[in-house]
1. Looking only at segment 35-74, filter to residues that are out of contact with any helix residue (DSSP H, G or I) (no Cβ under 6 Å at 6 or more places or on another chain), under 18 Å from S102 (Cα atoms) and not aliphatic (A, V, I, L, M); which one of those is surrounded by the most Cβ atoms within 10 Å (Cβ to Cβ)?
2. Give me the pairs: first residue in segment 44-57 and touching a residue at least 60 places away in the same chain (Cβ under 8 Å), second residue assigned to a helix (DSSP H, G or I) and among the acidic types (D, E), beta-carbon distance under 8 Å, and six or more apart or on different chains, which are they?
3. In segment 1-29, how many residues are touching a residue at least 60 places away in the same chain (Cβ under 8 Å) and over 15 Å from A63 (Cα atoms)?
4. For segment 43-65, what are the residues that are in contact with a strand residue (DSSP E or B) (Cβ under 7 Å, 6 or more places away or on another chain) and closer than 14 Å to A9 by Cβ?
5. Mind checking which pairs have a first residue in segment 99-125 that is closer than 19 Å to A12 by Cβ and a second that is part of a strand (DSSP E or B) and of a type in the set (G, A, S), Cβ under 8 Å, 6 or more apart or different chains?
6. Could you say which residue among I21, I32 is over 17 Å from V122 (Cα atoms), of a type outside the set (G, A, S) and buried (at least 18 other Cβ atoms within 10 Å of the Cβ)?
Amino acid sequence: MKAVQTDKAPKALGPYSQGYIHNGLFYSAGQIPINPATDAIEAESISEQTEQVCKNLAAVLEAAGTGFDKVLKTTCFLSDMGDFAAFNEVYGKYFTSKPARSCVAVKTLPKNVLVEVEVLAVVEE
């Protein structure tokens, strides 16, 4: 296993890694809309938060040597399923290959954000 870490994405909030590569697959931790440059949540709307989450995912995917086009599966967590359409609009700009996906509403997310997304992607070794 190889740990993936980049300063271009938020540091872990607890005892976990940004992701791991194992047997040609990258498993990411969930990304929330923390701006890694300021270590703060600046985005307010679901669209703005989803945009920051996707930027964070781009950074960890790049650090792992892969990209959005190699994502096999995403797991998406929303604090309000009423945000589903706005979330999908931004999500669709990044995940153009339409990977498999689960999207669920949860009671609360870390730091009371509106969205969190994790990915599973192929890494060409």
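No value in this document is a laboratory result; all are computed from the given coordinates. Quick caveat, the model's predicted, so the values are computed rather than measured. Note that each Cβ is placed from the backbone with ideal geometry, even for glycine, and that neighbours are counted across all protein chains shown.
1. In this case the residue turns out to be T74.
2. I46/D83
3. Counting residues in segment 1-29 that are touching a residue at least 60 places away in the same chain (Cβ under 8 Å) and over 15 Å from A63 (Cα atoms) gives 1.
4. If the condition is that a residue be in contact with a strand residue (DSSP E or B) (Cβ under 7 Å, 6 or more places away or on another chain) and closer than 14 Å to A9 by Cβ, then Q52, V53, N56, L57, V60, L61, A63, A64 are the ones that fit.
5. Note: pairs meeting the criteria are E118/S28; V119/S28; L120/S28; A121/S28.
6. I32
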